[in-house]
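The values are calculated or read from the model by the stated rules, or taken from the named source; none is laboratory data. Source: prediction; values computed, not measured. Ideal geometry is used to build each Cβ from the backbone, glycine not excepted, and the neighbour counts take in all protein chains shown.
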Amino acid sequence: MFMQRALLRSIISHKSGKKEITNLTDNFSLVQKSKISLALDTHAEIYAYISKHCAKFTEVPSLDRIKKNFEENIEITDELVKISQESCLFSSNFKSLVEDIYEEQKKREMVDLFKDANQISESGKKVNGAFVSGTKEAMEYLLTNSAKFVTTEGDTKSSGSLKGESHESIKEYRKRKKENKFDGLLTGLPSIDRVCKGVRPGELCLIVAFVSELKTTMCLNFAYTQAIEQGAYVKFISLEMPYKVVRDILICLHSANLNLWPGSEWDSVYPLNFDDIIEGTLNEREEEFYGFLCEDLDKNPEYGDVHIYQPSDGLSFSHLKIWAETEFRKKPFQSIYLDYIELMESEGKASEYTLELNQRIKNLKQLALNFNDKKGIAIFSAYQANRKGKELADKNDGEYRLDALSYANEAERSADLIISSYLNDELRANNQNRVCCLKNRSKPKFRPFNGKTYLPARKIFEDPMVSGTEDGTVNMAKKNQDKKISDEELVSKIL
């Protein structure tokens, strides 16, 4: 109560001086942007009047004006006397007060949330027009309503108008130009990267393929490139494979890095065979290389990292949102990989699977946009192509259509970039896969191309002679060119 009085005192004018009114109006703007709700009805009524006055006059009202408005309400006039006796706060002091009030508000809301969950578990409760009861429903209610307690707070601008604020755009452009900052996350496949220039915060990228046609392998290759080539911190959520398998595939991908091992002391043994790793059949020299790879990934300060998460009890969207926000507070990361959307735990009824899946995709896009107080995060997910789409791709040189995405027309709308991988007997025999672009929201589609595959190491790449872009995107052959290794030697070595 006392903190809320101090807050109201700091957005009401007592002296009517121009400088004081300006500072008080700044205070009001801070409160307006916050998520504070005033607990007492009297405080809420006073704040509502202040808000109405500011909307009309663009400055806070005086104490006398507020008293006159509520002169017949004895309870509010008495409270205004107590408010006027509080100290007026500005700048960092007022900001600290707002943060303290919001923290107390969250504590109260958390207590109420647990009370509601307990009622659902014990006797049931009506929620959104439906009666729910039981332990499982109580836990789902907790998960669904807990996200706001772990959301990262910040000051990212998310509203405004062209008049008076357009100049911010050119300032931001000049800053980007001066810093020469590249913030797109690359795939490591130059034919994609030189057109798309990377996936950026707020974007959702889907990697589409039919069963066993490299959708997860492409995700792992992309995640590896971003962590090792770009130094990014990546989250990889596996709903299909155990953590240890994902970890070992990434180490095997490291053994096939065309920027690092050609011409090195490990030239004779790279890349390793994943089956030899899991079966314990590496030869002595390969074991030495494997030990070196593990040490290199652990200690090399130039690399980023891939953190692998295998949920023990499935993953709902509510679970994903809370987990991601909590993990980001521990250590910020640049991308989330989800393998894959269809394997997420449903939060709807089984009979409404299609609607629920579409809502899940829409939620993922909103998470990408609004994560970290609207600063955004890049989200990648594998996605299952349907059988009809596969049959059409068989007849169309390996090119999928958007309707090949199983059950989900929302994927067509929400995804920013959709990449497909296609295999047939001929491509498998030639160690290739067909890579196409189904959608690219902000840039042209890249042209379909045949990637190179070395599946014993789970590696997807392009011929080293395929250059990257001139603006800093990955050139897979650059370091090898420095070592004077020919393109033909590289391709024959890995294949």
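Only one of L364, L405 is over 19 Å from T187 (Cα atoms), surrounded by 24 or more Cβ atoms within 10 Å (Cβ to Cβ) and under 15 Å from the mean Cα position of the chain (by Cα); which?
L364
Taking I336 as the residue in question, decide whether it is surrounded by 19 or more Cβ atoms within 10 Å (Cβ to Cβ), touching a strand residue (DSSP E or B) at 6+ places or on another chain (Cβ under 8 Å) and at pLDDT 90 or above.
So I336 passes the test.
Could you say whether any residue in the stretch 26-41 is closer than 24 Å to Q105 by Cα and touching a Ser or Thr at 6+ places or on another chain (Cβ under 6 Å)?
Checked the stretch 26-41: at least one residue is closer than 24 Å to Q105 by Cα and touching a Ser or Thr at 6+ places or on another chain (Cβ under 6 Å).
Within the stretch 249-260, is there a residue that is touching a Leu at 6+ places or on another chain (Cβ under 8 Å) and β-branched (V, I, T)?
The answer is yes; a qualifying residue exists.
Which of (1) over 23 Å from D373 (Cβ atoms); (2) under 38 Å from the mean Cα position of the chain (by Cα); (3) surrounded by 17 or more Cβ atoms within 10 Å (Cβ to Cβ) is the odd one out, the single condition I36 does not satisfy?
Status for I36: all satisfied but (1).
Conditions (1) in the same structural domain as D416 (by TED's automatic domain parsing); (2) touching a residue at least 24 places away in the same chain (Cβ under 8 Å); (3) under 16 Å from L417 (Cα atoms); (4) surrounded by fewer than 22 Cβ atoms within 10 Å (Cβ to Cβ), marked per residue:
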{"position": "C196", "(1), (2), (3), (4)": "yes, yes, yes, no"}
{"position": "M218", "(1), (2), (3), (4)": "yes, yes, yes, no"}
{"position": "A223", "(1), (2), (3), (4)": "yes, yes, yes, no"}
{"position": "G231", "(1), (2), (3), (4)": "yes, yes, no, yes"}
{"position": "N273", "(1), (2), (3), (4)": "yes, yes, no, yes"}
{"position": "E288", "(1), (2), (3), (4)": "yes, no, no, yes"}
{"position": "E295", "(1), (2), (3), (4)": "yes, no, no, yes"}
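Could you please let me know if K171 is within 28 Å of Q334 (Cβ to Cβ), outside the structural domain of N257 (by TED's automatic domain parsing) and either at pLDDT 90 or above or of a type in the set (D, E, K, R) (or both)?
yes
Where in the stretch 241-311 are there helices (runs of 4 or more DSSP H), lying wholly inside it, with at least 3 residues that are on the phi < 0 side of the Ramachandran plot and touching an Asp or Glu at 6+ places or on another chain (Cβ under 8 Å)?
Hits in the stretch 241-311: 274-279.
Name the one entry in V208, V245 that is among the β-branched types (V, I, T) and surrounded by fewer than 22 Cβ atoms within 10 Å (Cβ to Cβ).
Residue meeting the stated conditions: V245.
If you scan the stretch 36-70, which residues turn out to be in a loop (DSSP other than H, G, I, E, B) and modelled with pLDDT of 90 or more?
Within the stretch 36-70, P61, F70 qualify.
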